[in-house]
């Protein structure tokens with residue numbers, strides 16, 4: 001039994017290594033081929049982020065034993081994950097907002113280029129506004 | 001589901017019980033009952049401190065500037081510190097330890113029919129961390145600058161910088177104490193969930209679990225899932241206080257509203273974390289003393305789960321006037337009004353349980369019934385406060401204060417008394433005196449209402465919270481308003497005095513109370529199968545098997561009006 005599970009752990013470790021190599025190669029390849037726009041996203045998203053999710057699942061399921069736990073344990077984990085998103089989206093609209101509905105900010109945002117001449121300072125401010 | 005997960009390894013050293021010293025038996029015990037008592041007595045001791053704080057600052061409000069008996073003159077800084085620590089103690093060091101930790105520890109193994117928690121040493125560690133947190137909090141009152149005075153919600157920038165709150169040591173110590181307390185309850189909560197899921201008696205299916213156990217488990221899950229942001233926020237705030245970071249400092253790029261989100265994302269589910277065990281205790285007591293089956297067991301269970309899920313979507317109703325996005329205010333008003341539905345389902349189910357029952361008005365039953373009435377007032381006023389428009393006027397007034405005392409007092413105080421009067425025979429093998437119990441009940445309930453009904457009126461009249469002396473505000477200094485403050489304060493003193501009969505009754509009954517047999521209330525659940533008080537290992541005659549649900553009262557096929565879960569009947573044992 002013990003030898004068996006050790007073998008399984010080793011297999012998963014090797015699988016994680018291979019997935020890691022793919023996740024590094026994907027974005028590198030996109031750079032080498034000089035991909036831009038949609039095709040670049042189509043390559044990078046599944047190789048970097050998609051594989052990261054697969055790896056996280058493998059670690060949680062096997063190394064953290066969620067696969068052998070009773071079903072409520074993974075449910076609690078998934079619920080916590082979902083609540084993290086609830087929290088993030090509930091908070092995002094309020095936090096670090098540079099403008100609001102019924103309030104205005106009487107001071108100017110520091111731009112980080114305050115030591116330079118006035119024109120570029122002004123440009124910077126406009127750019128930041130566009131961004132919002 | 002049938003296996004009994006015992007903690008044999010951890011218990012090997014307990015097999016020679018006669019050799020145990022006082023220290024190993026009562027202080028470093030891994031027995032769930034002893035740990036439950038440790039939590040209970042620590043909680044009661046902290047409740048005395050919290051009650052004393054309330055007495056001191058209420059006296060200051062009623063008779064501003066005069067010396068308070070047993071305290072002396074109340075300075076503004078002392079007033080802030082007293083108010084802050086009254087709230088903190090009553091929620092984190094009274095409601096949580098007594099309702100969840102003490103009752104959970106005592107009841108879970110007994111009610112599901114096993115010998116102990118599945119992780120007894122984690123359980124012991126949980127209490128030790130909790131005790132440490134209480135010591136840190138109490139120590140914070142005696143450091144230079146005094147205890148933290150920035151309200152139990154600890155909003156920055158007041159809480160973040162010593163130059164504002166003037167408590168350079170008190171504020172970080174308060175924060176560390178709260179965080180330690182949370183660690184203690186995470187350990188306890190994991191233990192509760194794992195025990196109930198793995199160590200139930202043979203034959204006990206999901207729907208045979210007593211409702212109070214379900215509620216403690218769901219409360220533990222809510223706590224686990226909500227507490228992460230607060231711990232993260234507490235570390236950030238501690239860094240702001242001590243290391244000079246600026247997470248919550250708007251003048252240096254931080255955002256103080258972020259703390260409010262982190263706090264209330266935990267803070268609102270926390271209300272239900274303490275509510276649910278109290279609701280469960282009340283359900284047990286009402287079924288036993290109405291001799292009726294719990295009405296709509298599954299409906300209550302599903303409503304509880306729905307309540308738990310919804311409780312994660314309402315937190316920003318505490319922040320309607322903190323400058324949150326108005327679109328979010330619509331959303332959070334809606335969810336807040338929605339959450340009254342599952343609570344209403346539960347209250348209606350409880351009332352339906354009473355309908356047609358043969359009700360016995362024992363002290364425990366009286367407390368359980370008063371829970372329904374008082375909590376209803378707290379719940380209904382919550383609907384007004386949950387509407388963002390009304391909240392703009394009522395926010396931060398005594399109306400809010402009276403509202404949440406009408407929820408927390410039933411939960412923390414009435415729920416605790418219900419449990420103690422009901423399970424005292426099981427805990428200590430003797431009954432408490434009923435006459436003194438009833439005197440305690442009426443004195444407590446009447447004076448409680450006399451405290452907080454005037455505060456509703458004062459709040460609606462515009463009296464703001466966290467003000468040291470209302471005589472400095474011409475609009476709030478009128479004689480009529482001051483009369484109500486004096487009335488509330490006198491009622492508080494009366495209520496505190498009425499706790500003396502309880503304490504005396506408790507101590508005297510420990511030694512001289514009427515001896516109780518195994519099942520003095522003729523109830524069905526498994527804890528009444530064990531001897532009173534249960535020995536180490538709980539069930540010396542072998543672990544009980546379960547044949548039916550926990551509330552089979554007045555069954556038509558049976559002469560006795562109760563049918564214990566473990567008694568084999570005409571049905572075959574379920575597997």
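The values are calculated or read from the model by the stated rules, or taken from the named source; none is laboratory data. Everything numeric here is computed off the predicted structure, so don't read it as measured data. Neighbour counts run over all protein chains shown; Cβ positions are idealised from the backbone, glycine included.
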query = So residue B:287 fits all but one of (1) under 26 Å from residue B:395 (Cα atoms); (2) in contact (Cβ under 8 Å) with a residue 40 or more places away in the chain; what number is the exception?
reply = (1)
inquiry  = When you scan the stretch B:519-532, do you find a residue that is in contact with a helix residue (DSSP H, G or I) (Cβ under 9 Å, 6 or more places away or on another chain), closer than 21 Å to residue B:41 by Cα and in a loop (DSSP other than H, G, I, E, B), even just one?
reply    = yes
Residue B:518, sole failed condition from (1) closer than 30 Å to residue B:26 by Cα; (2) crowded, with 20+ Cβ neighbours inside 10 Å = (2)
request  = Check residue B:509 against each of (1) under 30 Å from residue B:560 (Cβ atoms); (2) in contact with a helix residue (DSSP H, G or I) (Cβ under 6 Å, 6 or more places away or on another chain); (3) assigned to a helix (DSSP H, G or I) and name the one condition it does not meet.
outcome  = (2)
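Suppose the filter is within 21 Å of the chain's Cα centre (by Cα) and either closer than 30 Å to residue B:144 by Cβ or within 11 Å of chain A (Cβ to nearest Cβ) (or both); does residue B:216 pass it? Before the answer, list the steps.
On the way: within 21 Å of the chain's Cα centre (by Cα): yes; either closer than 30 Å to residue B:144 by Cβ or within 11 Å of chain A (Cβ to nearest Cβ) (or both): no.
No: the conditions fail for residue B:216.
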message = Anything in the stretch B:321-335 that is more than 10 Å from every other protein chain (Cβ to nearest Cβ), at pLDDT 90 or above and either crowded, with 20+ Cβ neighbours inside 10 Å or closer than 30 Å to residue B:422 by Cβ (or both)? List them, or say none.
response = B:333
remark   = Among (1) more than 14 Å from chain A (Cβ to nearest Cβ); (2) more than 26 Å from residue B:371 (Cβ to Cβ); (3) not in a loop (DSSP other than H, G, I, E, B), residue B:283 falls short only on (2)
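Having 2 or more residues that are under 29 Å from residue B:224 (Cα atoms) is the bar; report the helices (runs of 4 or more DSSP H) wholly within the stretch A:1-78 that clear it.
Values: elements: A:2-32, A:37-44, A:51-58.
Because the criterion is at least 2 residues that are under 29 Å from residue B:224 (Cα atoms), the helices (runs of 4 or more DSSP H) in the stretch A:1-78 that meet it are A:51-58.
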task = Within the stretch A:58-77, identify whether any single residue is modelled with pLDDT under 90, within 13 Å of chain B (Cβ to nearest Cβ) and within 19 Å of the chain's Cα centre (by Cα), and answer yes or no.
result = yes
query = Can you find even one residue in the stretch B:408-425 that is more than 28 Å from residue B:455 (Cα to Cα) and without any contact (Cβ under 8 Å) to a residue 60 or more places away in the chain?
reply = yes
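Can you tell me how many residues within the stretch B:202-215 are assigned to a loop (DSSP other than H, G, I, E, B) and out of contact with any strand residue (DSSP E or B) (no Cβ under 6 Å at 6 or more places or on another chain)?
Taking the stretch B:202-215 first, the residues assigned to a loop (DSSP other than H, G, I, E, B) are B:203-205, B:209-210.
Of the ones still in play, those that are also out of contact with any strand residue (DSSP E or B) (no Cβ under 6 Å at 6 or more places or on another chain) are B:204-205, B:209-210.
Here the count works out to 4.
Of all residues in the stretch B:242-263, count the ones that are outside any loop (DSSP other than H, G, I, E, B) and surrounded by 23 or more Cβ atoms within 10 Å (Cβ to Cβ).
Initially, the stretch B:242-263 is screened for residues outside any loop (DSSP other than H, G, I, E, B), giving B:242, B:250-252, B:256-263.
Next, from what is left, pick out any that are surrounded by 23 or more Cβ atoms within 10 Å (Cβ to Cβ): B:259-263.
Number satisfying all stated conditions: 5.
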query = Is it true that residue B:83 is modelled with pLDDT of 95 or more, crowded, with 17+ Cβ neighbours inside 10 Å and touching a strand residue (DSSP E or B) at 6+ places or on another chain (Cβ under 7 Å)?
reply = no
query = Of all the residues that make up the stretch B:336-365, how many are farther than 30 Å from residue B:434 by Cβ, away from chain A (no Cβ under 14 Å) and in contact with a helix residue (DSSP H, G or I) (Cβ under 7 Å, 6 or more places away or on another chain)?
reply = 7
remark   = Scanning the stretch A:55-70 for residues that are loosely packed, with under 13 Cβ neighbours inside 10 Å and within 13 Å of residue A:23 (Cβ to Cβ) gives A:56
request  = Return the residue satisfying two criteria in turn: it lies in the stretch B:189-213 and is surrounded by fewer than 22 Cβ atoms within 10 Å (Cβ to Cβ) and under 20 Å from the mean Cα position of the chain (by Cα), and of such residues it is farthest from the other protein chains (Cβ to nearest Cβ).
outcome  = B:190
request  = Tell me, yes or no, whether the stretch B:47-66 has at least one residue that is modelled with pLDDT under 95, more than 26 Å from residue B:494 (Cα to Cα) and either over 16 Å from the mean Cα position of the chain (by Cα) or surrounded by fewer than 23 Cβ atoms within 10 Å (Cβ to Cβ) (or both).
outcome  = no
query = Considering the stretch B:290-313 alone, what residues qualify as being within 14 Å of chain A (Cβ to nearest Cβ), surrounded by 21 or more Cβ atoms within 10 Å (Cβ to Cβ) and over 16 Å from residue B:213 (Cβ atoms)?
reply = B:311, B:312
note = residue B:178 fails exactly one of (1) free of Cβ contacts under 8 Å to residues at least 40 places away in the same chain; (2) over 28 Å from residue B:298 (Cβ atoms), namely (1)
message = Within the stretch B:142-156, does at least one residue satisfy the condition of being farther than 14 Å from residue B:33 by Cα, surrounded by fewer than 23 Cβ atoms within 10 Å (Cβ to Cβ) and without any contact (Cβ under 8 Å) to a residue 12 or more places away in the chain?
response = yes
query = Which residues, counting only those in the stretch B:219-229, are touching a helix residue (DSSP H, G or I) at 6+ places or on another chain (Cβ under 6 Å) and within 11 Å of chain A (Cβ to nearest Cβ)?
reply = B:220, B:222, B:224, B:225, B:226, B:227, B:229
query = Quick one: is residue B:483 free of Cβ contacts under 8 Å to residues at least 60 places away in the same chain and more than 18 Å from residue B:60 (Cα to Cα)?
reply = no
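Might you check whether a residue that is exposed (fewer than 15 other Cβ atoms within 10 Å of the Cβ), under 26 Å from the mean Cα position of the chain (by Cα) and within 27 Å of residue B:426 (Cα to Cα) occurs anywhere in the stretch B:488-503?
The answer is yes, given that some residue of the stretch B:488-503 is exposed (fewer than 15 other Cβ atoms within 10 Å of the Cβ), under 26 Å from the mean Cα position of the chain (by Cα) and within 27 Å of residue B:426 (Cα to Cα).
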